[in-house]
Amino acid sequence: MKQVIVRLRDCKSTYTKTIRIRYYYTQSQYEYEVFDDFKDLMPGQEIYVKIGNKYATWISYEEAEDAVNSGEFKDIEEYIYCKLLDNYSLDYHMEDYLPY
C-alpha cells in the first residue's frame, strides 16, 4: 500500500530521535490532517516528509525561524503551512504517488 510518511524528529548533534510519526494514504487525508498534526514544531526539531522511495524533504525549526526573521512570513506556523501544503515540488510528487 502506498503511503506518505511524516515524522517529527528531535535532531541533536549526536543523534536523531523520532518523536511522532504519521502515515497518510490519500492526498485528501494528507491535506486535511498534516498541518494539525505537525504545527507544533519546537527548537531543535524538524519535520521529515517521505513520499515512497521517490521524494523526501524536511522542515527545520531554525530554517522556519530564519524565514520569519527575514520578513518572508508572519510566523512559524505560516511557514510550516506553506512548506507542507503549498509546496509545488511536494504536490507534484504526491499527485504521481497517492490517490486523491
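Every read-out reported here was derived from the displayed coordinates using simple, explicitly stated rules and does not represent laboratory data. Quick caveat, the model's predicted, so the values are computed rather than measured. Cβ sites come from the backbone with ideal geometry, for glycine too, and all protein chains shown count toward neighbours.
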(message) List the lysines whose Cα sits under 19 Å from the Cα of K39, skipping any in the same chain fewer than 8 residues away.
(response) K17, K50, K74, K83
(request) Over the alpha-carbon set of the range 1-79, work out the extent along each principal axis and list the three values in angstrom, largest first. (result) 40, 31, 21
(request) Order by neighbour count: T14, T57, fewest other Cβ atoms within 10 Å first, most last. (result) T14, T57
(request) For the range 20-59, just the Cα set please: Rg and Dmax, both in angstrom. (result) 10.7, 30
(request) Could you give the size of the charge dipole of the range 33-81 about its Cα centre, using +1 on the Cβ of each K and R and -1 on the Cβ of each D and E, expressed in debye and rounded to the nearest 20? (result) 300
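With charges set only on the Cβ (+1 for Lys and Arg, -1 for Asp and Glu), what does the dipole of the chain come to about its Cα centre, in debye to the nearest 20? Numbers along the way, then the final one.
Working: 12 positive and 19 negative charges, 135 e Å.
I would put it at about 640 debye.
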(message) With 10 angstrom as the radius, rank M42, M1, M94 by how many other C-beta atoms surround their C-beta, starting from the fewest.
(response) M1, M42, M94
